[in-house]
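Just so it is clear, none of the values below were taken in a lab; they were calculated from the coordinates. This one's a predicted model, so the numbers in the text were calculated from it and none came from an experiment. Backbone-built Cβ (ideal geometry, glycine too); neighbour counts: all protein chains shown.
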Amino acid sequence: MMMHSFFPQGVRSGAGPFFRRLPARRPSLLLLLALGGMLWLGGCATGYYNVTDFDTVVVDPGHGGHDSGASTRGRRTRLLEKDLTLDVARRINGKLRAAGFRTIMTRVDDRFITLDDRVDCSNAYRKSVFISIHFNDACRRSVHGAETYHNRRGTWQLAERIEHSLASMPGGEDRGVKTARYRVLRKSDGPALLVECGFLSNPAEAARCGNAAWREQVATRIANAIIVQRQ
Ligand SMILES: [Zn+2]
């Protein structure tokens, strides 16, 4: 949020030659209330409210079909991002359903879906949260940890919950909550997030990603963050 935009620029701090010196006063309650109201309205306008009244979650396993996404290097069994995203998304889906949410998965098998079709699926449901699952890739093998992106439509708090929860897993690292102009985030009318669960380019993290028990933990933490957010 551009905090400085709420305040007039270039206000003189001194009294100036044409003003009589007045006794120093505490800011009145009315002024504080007015300022608080401006900040609150500004927060709403810039997406700094936090969504809590959603009943539907659109779970989007990234990639699919001919689009494999990232993959591990130098391992006997090569892990493909599209398979890992589907596995984690299925697990999240099951946990959210068990918690009473309506859920929609953008794909349930290994097929290609355009980004716009994914967004259309998300936009078809009012009071929904869209969450896209991905795994990451970097040139430097040392880079590791989860990254959570969001589209500022009431999503900041949920993004923080997810990021902190994933970062506290063994071997995790808090890479922070971020915004980016990803198409699925930009084009979604409602709250939308994209979680990069880990770097397949990091050998230790790739080994964890290949472990079903670890993916179950990732899914549990993401689902729990969503469940807590609605309460
Ligand atoms: Zn991806």
**Message:** Relative to 2.2 N^0.38 Å, what does the C-alpha radius of gyration of the range 108-164 come to as a ratio? Two decimals please.
**Reply:** 1.39
**Complete:** Quick note on Lys187, Lys127, Lys82, Lys95, ordering by fewest other C-beta atoms within 10 Å, gives Lys127, Lys187, Lys95, Lys82
**Request:** Excluding Thr220 itself, calculate the net charge of residues whose Cβ lies under 9 Å from the Cβ of Thr220, where each Lys or Arg counts +1 and each Asp or Glu counts -1.
**Result:** +2
**Item:** Packing-based exposure ordering (other Cβ within 10 Å, fewest first) of Val143, Val177, Val119
**Value:** Val143, Val177, Val119
**Request:** Can you check what the net charge comes to around Val195, using other residues whose Cβ is under 9 Å from the Cβ of Val195 (Lys, Arg +1; Asp, Glu -1)?
**Result:** -3
**Fill in**
Fewest-first ordering of Val129, Val228 by Cβ atoms within 10 Å yields Val228, Val129
